[in-house]
Amino acid sequence: MNQTIRGALALVVSVIGIHTLYEVLIRPGALIAQQAVEAGNTEALRSIFIILKDFEQEACLILMLWATYLVVEKILEITKTNFLFDVDFCKDTAMTPAGIKDLVGELEKLKPSVKLSPLVRVLRASLRRFLVSNDVHSASEVVESEVAALVAKNEAGNSMIRYLIWAVPSIGFIGTVRGIGEALAKADEALAGNISGMTSSLGVAFNSTLVALFISIFLMFLLHQLQRLQDDLAVSVNAYLQEKVLDRLSAPGVS
């Protein structure tokens with residue numbers, strides 16, 4: 001299934017799942033907690049249901065679930081091909097034009113999930129350049145350019161995740177503005193002695209900010225873990241090609 005379609009389906013599932021959770025559990029729980037507050041139990045104000053009950057927090061949780069899926073999918077995509085670094089594709093290959101040509105043909109026959117992996121793609125590209133130019137330096141340049149392209153591709157692929165991490169605190173700030181605006185609108189009631197409406201509105205402002213910040217911290221942690229794996233992948237590909245391919249191609253007698 002196309003990655004874009006999978007991402008869209010993940011968003012739909014996130015919306016349905018989180019909204020169902022709110023309708024079945026969180027908002028009914030918040031109503032019960034609010035009734036407890038009105039009955040004099042101020043401890044209920046710290047109920048997790050009251051903290052999460054507003055629409056801004058719901059939107060933040062939806063984006064959190066979607067962003068988590070996008071990060072986990074990329075992490076799994078990297079880790080599922082890590083075993084390839086333990087495979088020496090050139091071990092039994094004679095480093096001659098005929099032998100290298102046979103190796104490229106064998107790489108082309110690998111199953112798609114392996115053939116399209118970054119390591120195999122860069123390996124095929126470097127061997128093809130060597131076959132054309134018969135020059136190790138040219139093959140080395142291909143490795144450098146392919147690894148740089150891999151890094152750029154990873155950076156571009158993370159753009160949606162970065163946008164979601166930016167959007168979460170922005171939505172939290174919208175809740176802050178909305179809550180403060182509602183509180184100011186109820187200033188007359190507070191001056192008359194009824195501060196419950198103002199405190200409730202201020203609760204909306206502070207709770208939305210609190211939830212958004214916690215989610216942002218969590219998502220930033222996931223993004224940093226993903227970027228670490230992506231950087232390690234680029235370094236590992238470059239090291240593999242240098243050790244297993246370029247060093248052998250530059251050995252005396254190879255032509």
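Please treat every number below as a calculation from the coordinates, not as lab data. Fair warning: this is a prediction, and the values are worked out from it, not measured in the lab. FYI the Cβ positions are ideal-geometry reconstructions off the backbone, even for glycines, and counts take in every protein chain you see.
Overview of values
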item: Approximate spin-label separation residue 96-residue 82, in nm, with each point projected 7 Å along Cα-to-Cβ; result: 3.9
item: Local electrostatic count, residue 228, Cβ distance below 14 Å [Lys/Arg +1, Asp/Glu -1]; result: -2
item: Cα-based reach from residue 74 at 15 Å (exclusive), listing aspartates and glutamates while leaving out same-chain residues under 8 positions away; result: 155, 231, 232
item: Computed [θ] at 222 nm, deg cm²/dmol, the chain (DSSP H ≥ 4; -39,500 (n - 2.57); rounded to nearest 500); result: -25500 deg cm²/dmol
item: HN-Hα J in Hz across region 6-14 - Karplus 6.51, -1.76, 1.60, θ = phi - 60°, x for Gly and Pro; result: 4, x, 5, 5, 5, 5, 4, 5, 4
item: Simple spin-label estimate for residue 13 and residue 38 in nanometres, 7 Å along Cα-Cβ; result: 3.9
item: Top positive-direction residue, dipole computed over the chain with Cβ charges, set 123, 96, 217; result: 96
item: Cα-projected label distance for residue 228 with residue 5, points at 7 Å along beta-carbon direction, nm; result: 3.5
item: 17 Å Cα-Cα reach of residue 101 towards lysines, excluding residues that sit fewer than 8 places from it in its own chain; result: 91, 109, 115, 244
item: Rg ratio (alpha-carbon, reference 2.2 N^0.38 Å) - the chain; result: 1.53
